[in-house]
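The values are calculated or read from the model by the stated rules, or taken from the named source; none is laboratory data. Source: prediction; values computed, not measured. Positions of Cβ are backbone-derived with ideal geometry, glycine not excepted, and every protein chain shown enters the neighbour counts.
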Amino acid sequence: MSAPPPDFRWLPEALTPAEADAALAALVDETPWESHTFSIFGRTVAMPRRIAFYGRFPYAYSGLVHPARPLTPRLDALRERVEALSGHPFNCVLLNLYRDGHDAMGWHSDDDYPHGGHPAVASLNLGATRRFRVQAKRGPKSLTARSGPSGAPVGASRPRREAEGRLEVSRAPRNAGIGVPNGAPRRGGSRGEAPEPRAGFGLDLTHGGLLVMEGRSQQDWRHSVPRTARPVGVRVNLTFRHMAGPNG
Ligand SMILES: O=C(O)CCC(=O)C(=O)O
């Protein structure tokens, strides 16, 4: 697959270059960036990026609970802009600071919070260009086999973390097939069945661009921002989400 599937919409000029430059400089400077550690396979590891969360409700993310905190006027203005461009409502934002090519985001999907019927996530990109990778969670046959009468995969309505959690190790899961039209074939299918290919694609996220992930983007796909050996500068990414409170 060379173009993103329909549930991923890329708007390369969401902000003008001048707006994107100003937002990047201000956010790098004024955001109270947090460094965290997390446990994986019994080891404590530093999260390979810095983060900050703003929103109406607390967000349990990567084993931490981020308290509710009102959006700053700057973040609220960006939120309004992103709502208008994407056509989705948002009330919180997770900011990620990638200091250089060593900072990364492991494979995950953003389905680990109550969205109250608004699962769309809009990802605003500022600073260095980084590669965004996407991989189908299942092969096409599995999707069909698991579909209920409405065509929605069985169990799809239940928000679920990936089985492996928000892996912070930036390597593709086996059979990632990213950048390969139909994905790499999976070896050793059960009962001697032919291996199922998994779809994937990669997209360069550039300064001022907005990636809107809507529809089934979080249910059917996982994504990551891998480390890179290329010399790259600072990048700030803002993922706007809609979180529901205790009453939906
Ligand atoms: O930095 C990015 O482009 C990805 C961010 C992301 O996946 C997330 O915040 O969940």
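Some values worked out for this structure:
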| read-out | value |
| --- | --- |
| Among (1) among the β-branched types (Val, Ile, Thr); (2) modelled with pLDDT of 95 or more; (3) touching a Phe, Trp or Tyr at 6+ places or on another chain (Cβ under 8 Å) - the single one Thr129 does not satisfy | (3) |
| Positions within the stretch 70-85 being of a type in the set (D, E, K, R) and either surrounded by 15 or more Cβ atoms within 10 Å (Cβ to Cβ) or without any contact (Cβ under 8 Å) to a residue 12 or more places away in the chain (or both), in sequence order | Asp76, Arg79, Glu80, Arg81, Glu83 |
| Total residues in the stretch 103-125, condition near the ligand (Cβ under 10 Å from one of its atoms) and in a strand (DSSP E or B) | 8 |
| Filter pass, Arg227 being at pLDDT 95 or above, basic (Lys, Arg) and assigned to a loop (DSSP other than H, G, I, E, B) | yes |
| Residues (on the phi < 0 side of the Ramachandran plot and assigned to a loop (DSSP other than H, G, I, E, B)) located in the stretch 58-99 | Pro58, Pro67, Ala68, Pro70, Leu71, Thr72, His88, Pro89, Phe90, Asn91, Arg99 |
